[in-house]
Amino acid sequence: MRYDIRDKLSRRDAQITVEVDDPAPPGTDVEFVGDVRGEITLRNVGGEIAAWGHLEATALLECGRCLTEHEVPFSFDFSETCRLEQIDEPLSYTQVTADDEPAAIPLLDGDAVDLSELVRQLLVLYTPSRSVCRPDCKGICPQCGKNLNDGPCGCEREEIDPRLAPLRELLQ
Ligand SMILES: [Zn+2]
Ligand SMILES: [Zn+2]
């Protein structure tokens, strides 16, 4: 995600829009299917670079119920503050938390503007953390571990409503 636009962008009020269509940068802890696509606009607002745009990607996530990996497409609009500073160690930048004022994201790799650290942080922020493979996913059997979407497992399942448990004890 390197662009030869450093000189242009160094001038105050310079504004450049670039198209993104690249594999997801490493360091997101998520596997992505296909490229990250979209548009990012960079504007020199004096000292800092305002970055905004729209991105879409497809993550490979585990179903929250049956653990099957499935593709989850998502897209988002964003607005971030960046700086024309070197990306030294991309992976050392900590994830933005609610309490901390997020640091300006570095944009330079040598003489090139490199959007990979910006995109990496955006993907960490916007990738859905939970998902189910389908709305009616039946999950896995807690006893034998079989994926119940493939059919019933044959385990005897005594489902006791926890609210009724005390009553049941009284009746015994
Ligand atoms: Zn599932
Ligand atoms: Zn079972």
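The values are calculated or read from the model by the stated rules, or taken from the named source; none is laboratory data. Model, not experiment: these values are computed from the prediction. Every residue, glycine as well, gets a Cβ built from its backbone with ideal geometry; the counts of neighbours run over all protein chains shown. Ligands, DNA and RNA are stripped out before the accessible areas are found, and what is left, the full protein with its side chains, is counted by its heavy atoms. Shrake-Rupley method; radii C 1.70, N 1.55, O 1.52, S 1.80 Å.
Please specify each residue of segment 33-64 satisfying the condition of being buried (at least 18 other Cβ atoms within 10 Å of the Cβ) and in contact (Cβ under 8 Å) with a residue 60 or more places away in the chain.
36, 40, 42, 51, 55, 57, 59, 61, 63
Give 21, 13 a once-over and let me know the one that is surrounded by fewer than 14 Cβ atoms within 10 Å (Cβ to Cβ), part of a loop (DSSP other than H, G, I, E, B) and at pLDDT 95 or above.
Result of the check over 21, 13: 13.
Sort out which residues of segment 132-147 are open to solvent by less than 40 Å² (accessible area, probe 1.4 Å) and near ligand 1 (Cβ under 9 Å from one of its atoms), and write them in order of number.
Those that are open to solvent by less than 40 Å² (accessible area, probe 1.4 Å) and near ligand 1 (Cβ under 9 Å from one of its atoms): 137, 139, 147.
Quick check on my filter: what residues within segment 39-79 are of a type in the set (A, V, I, L, M, F, W, C) and under 16 Å from residue 18 (Cβ atoms)?
40, 42, 49, 50, 51, 52, 55, 78
Taking segment 98-154 as the search range and keeping residues that are more than 30 Å from residue 88 (Cβ to Cβ) and of a type in the set (A, V, I, L, M), which one is farthest from ligand 2 (Cβ to nearest atom)?
132
Being at pLDDT below 95 and not in a loop (DSSP other than H, G, I, E, B), is that true of even one residue in segment 157-166?
Looking through segment 157-166, at least one residue is at pLDDT below 95 and not in a loop (DSSP other than H, G, I, E, B).
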